[in-house]
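Below is one structure, written out as structure tokens, with a few remarks after it.
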């Protein structure tokens, strides 16, 4: 079982980030932060070293989110993975 600590949040990444509601909140956070930085999806793809379809699927909440994806996207968006994982008042 792989796991890690992310800003005080203990992650069990074998669960592949998690419910549809959670993925929807994460997708919105990613999209909002990307737009806040003025990045296109292509720019996020280049900065995160992920494939373009993965970025689209992330923002549509239609893909499993592995620890590798989470850390790549967080780095590209200049935030911590914990920022993306925190439950805040982000619309679903």
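Based on what the data block shows, is residue 82 in contact (Cβ under 8 Å) with a residue 12 or more places away in the chain, within 19 Å of residue 19 (Cα to Cα), crowded, with 18+ Cβ neighbours inside 10 Å and within 11 Å of the chain's Cα centre (by Cα)? In short, no.
Of everything in region 40-66, what is over 22 Å from residue 20 (Cα atoms), part of a loop (DSSP other than H, G, I, E, B) and touching a helix residue (DSSP H, G or I) at 6+ places or on another chain (Cβ under 7 Å)? Give them in sequence order.
49
Here's the yes/no breakdown for (1) surrounded by 14 or more Cβ atoms within 10 Å (Cβ to Cβ); (2) at pLDDT below 95:
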residue: 19; (1), (2): no, yes
residue: 33; (1), (2): yes, no
residue: 40; (1), (2): no, no
residue: 50; (1), (2): yes, no
residue: 64; (1), (2): no, yes
residue: 76; (1), (2): yes, no
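The values are calculated or read from the model by the stated rules, or taken from the named source; none is laboratory data. Predicted, not measured: the structure shown is a model, and the values here were computed from it. Glycine also receives a Cβ, built like all others from the backbone with ideal geometry; neighbour counts cover every protein chain displayed.
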